[in-house]
Amino acid sequence: MSPPDLSLILIMVCFWATLWIVHRFLIRPVGTVMGERGRRIDDAQQEWSAKNEEYLAAVSRVEEEVSTAAREAARVRADARQHAMDERQSALDQARARADERLLGVLDTLEKDAENARSDLRARAEDLARLLASRLLGRELG
């Protein structure tokens, strides 16, 4: 039997030394970097989730405030519209009342003027009738 070939042992020692060096200076640091990167990604994702929940809560709160403000504005606008309509109706009623008073006053004045005109016409009608009769008869009537 022949002695084992020392080159095989030397190759195995070189292989194990190379494997140890690669593991020590390449695989372990890359694994550490990959692990750190994974942790940073997880942390960033958790932070993003927290910030996103915070953002959604803030958006919901702002939307609720806007909705409440819109309802309040609609109520104020409706109240103001109703107040304006009430004032308008009151002004119209007052204007109608004043117009009715003026109309009654004008109608009274017109009635008095008509009565005076009727009286004046009656008086003039008698004078005109006498004048016409005296001209037709050709003599003065008493």
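Any read-out appearing in this document is the output of simple, stated calculations on the displayed coordinates, not a laboratory observation. For clarity, every value in this text was computed on a predicted model and none was experimentally measured. Cβ sites come from the backbone with ideal geometry, for glycine too, and all protein chains shown count toward neighbours.
Spatially, the range 1-62 and the range 63-80 are offset by 58 Å when compared through their Cα centroids. Computed about the Cα centre, the dipole magnitude for the range 2-73 is approximately 560 debye when only Lys and Arg (+1) and Asp and Glu (-1) carry charge, each at its Cβ.
Over the range 1-70, all Cα pairs binned in 5 Å intervals from 0 give whole-percent P(r) values of 4, 13, 9, 9, 7, 8, 6, 7, 6, 6, 5, 5, 4, 4, 3, 2, 2, 1, 1, 0, 0, listed from short to long.
Measuring from a point 7 Å past the Cα of Asn52 along Cα-to-C-beta, which residues in the range 29-45 have an amide N at less than 15 Å? 41-45, by backbone N distance to the label point. Pairwise inverse Cα distances across the range 73-142, averaged and inverted, put the Kirkwood hydrodynamic radius at 17.2 Å. The angle separating the long axis of helix 28-137 from the principal Cα axis of greatest extent in the chain is about 0 degrees. Summing Cβ point charges (Lys, Arg +1; Asp, Glu -1) relative to the Cα centre of the range 73-142 gives a dipole of roughly 260 debye.
May I ask which residue of Thr68, Ala129, Ala58 lies farthest towards the positive end of the charge dipole of the chain, with charges of +1 (Lys, Arg) and -1 (Asp, Glu) on Cβ and the Cα centre as origin? Checking the options against the dipole of the chain, the answer is Ala129. Across all Cα pairs in the range 61-104, the calculated P(r) in 10 Å bins from zero up to the longest distance comes to 26, 25, 20, 14, 9, 5, 1 percent per bin.
Around the Cα centre of the chain, unit charges on the Cβ atoms of Lys, Arg, Asp and Glu (plus for the first two, minus for the last two) sum to a dipole of about 380 debye. Can you bin the range 1-120 into rounded, prolate or oblate? Criterion: square roots of the alpha carbon gyration tensor eigenvalues sorted a ≥ b ≥ c, rounded for a/c under 1.5, prolate for a/b above b/c, oblate for the rest. Since a/c reaches 1.5 and a/b is larger than b/c, the shape of the range 1-120 is classed as prolate.
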